[in-house]
Amino acid sequence: MFSSFTARLRGAVKACPPNQGFLGVIVRRFGVFLAVGALTLSGFGWMARPASSAPGPQEVITRTVRPGDNVWSYAASITPQGEDVAKNVDRIMQINNMSSPNLRVGDRILIPGDD
């Protein structure tokens, strides 16, 4: 086992460009290893997010989109006077797994009921 390690080490030394030297190649490879490790770990940080769902069942009303309907009008219909309609726009988009507020006539949309 030790002989195979030394044989690989000799092969690595021979493969090194003469102007960089063995130590230069090792330092560069170690730097690449650290950079890849840091990027991998930071990627896991981006993926790890807590779940953002309601704590229990939520009452919803199903509506069929008609000409002239939009997410803002649905949100405004369930928003109490003086409160922010945009929050309910976000809720409607989240409940319906929408990435865009655009609706098509005939689509079925879920509207949150009274909390």
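Assorted remarks:
- Here residue 82 fulfils each of the conditions (1) on the phi < 0 side of the Ramachandran plot; (2) modelled with pLDDT of 75 or more apart from (1).
- In region 90-115, residue surrounded by the fewest Cβ atoms within 10 Å (Cβ to Cβ) [restricted to those that are among the aliphatic types (A, V, I, L, M) and more than 16 Å from residue 58 (Cα to Cα)]: 105
- For region 86-115, residues that are closer than 15 Å to residue 70 by Cβ and in a loop (DSSP other than H, G, I, E, B) total 10.
The values are calculated or read from the model by the stated rules, or taken from the named source; none is laboratory data. Remember, predicted model here, so these are calculated numbers, not experimental data. A quick note on method: Cβ atoms are made from the backbone with ideal geometry, for glycine too, and the neighbour counts reach across all protein chains shown.
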